[in-house]
Amino acid sequence: MTTAPPRGTPHGLRDFYEDPAVPVASGTPRSLRQARMLAAALGPATAGVRTVLDIGCGDGTAAATAAPVLAGHRIVGVDWSQDALGRARARIPYAVRGELTDGGLPFGAACADAVLFSEVVEHLVDPDAALDEIHRILRPGGHLMLSTPNLAAWYNRALLLAGVQPVFSEVSLRAVHGRPGSQVVGHLRLCTARALREFVAASGFEVVALRGAPFHGVPRPLRPLDRLACRVPSMASILLLHARRT
């Protein structure tokens, strides 16, 4: 998922997010879990078509995965990267360019019933401004479905005890240093379940639920353990948070 770096960000970071080789999609299990949470909150489209904005939609994979679960509702993908949007338009009917900074998103106040904010917040220099903008475009009582990697995932706890850099964390945009994996993904900040709850609540939202989801990059032999950890969100690989705009 990509979203614009704030004005004044070094060109290296902007170039990084426009590089077609940079991953812009997350795993299907996370997308399905998040979509099912939102579908339960919105109800069927027969009760009224709702507008769902997928902010930081990347190549549209997550929105396309969610579409059958949210059948009848209107899903609009939003991203800063022109390259990602070009790919998203091949997967979803609506995809528009928008930024969380530099004047905000191209939507009026209280225009959306729900926002999907999937694996975006960890890429942001100013997450406070991003949550303020999402609060602006959501109608009162509207739903925020936010997902982000968990700093305190079960394996990160073990890695830190061994003096190893946690998974999902970055020290460079050029190469991976000191942690498992080989792919640079541009994460600037990570949070625990407790920190995520407090941050979202402080931004004008009521936290409804926090659940866990597996990480598609976990080695196959460890995936059963990763799925088991989802039962305790504070130890899960991915945090799925549902909040309502107050």
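The values are calculated or read from the model by the stated rules, or taken from the named source; none is laboratory data. Given the structure is predicted, the values throughout are model-derived calculations rather than measurements. Positions of Cβ are backbone-derived with ideal geometry, glycine not excepted, and every protein chain shown enters the neighbour counts. What goes into the accessible areas is simple: the full protein's heavy atoms, side chains included, and nothing from ligands, DNA or RNA. Shrake-Rupley method; radii C 1.70, N 1.55, O 1.52, S 1.80 Å.
General remarks:
- Of the residues Asp128, Asp79, ranked by 1.4 Å probe accessible area with the largest first, the sequence reads Asp128, Asp79.
- Accessible-area value, Asp132, 1.4 Å probe, nucleic acids and ligands omitted, Å²: 90
- A simple rule links phi to the HN-Hα coupling: the Karplus curve 6.51 cos²θ - 1.76 cosθ + 1.60 with θ = phi - 60°, which for the range 119-135 gives 6, 10, 4, 6, 9, 8, 6, 10, x, 4, 5, 5, 5, 4, 5, 5, 4 Hz, with x for Gly and Pro.
- Per-selection metrics, the chain (Cα): Rg and Dmax in Å: 17.0, 53
- Tensor-based shape of the range 163-246 (alpha-carbon gyration tensor, a/c under 1.5 rounded, otherwise prolate or oblate): oblate
- His143, His177, reordered so the largest accessible area comes first (probe 1.4 Å): His177, His143
- The alpha carbons of the range 101-246 give a radius of gyration and a Dmax of 16.1, 49 Å, in that order.
- Low-density loop positions, trypsin sites (Lys or Arg not before Pro), the range 159-196 - DSSP coil, at most 10 other Cβ in 10 Å: Arg174
- Translational diffusion coefficient (Stokes-Einstein; Kirkwood radius from C-alpha pairs) of the range 45-96 at 10 °C, 1.306 mPa s, in µm²/s: 147
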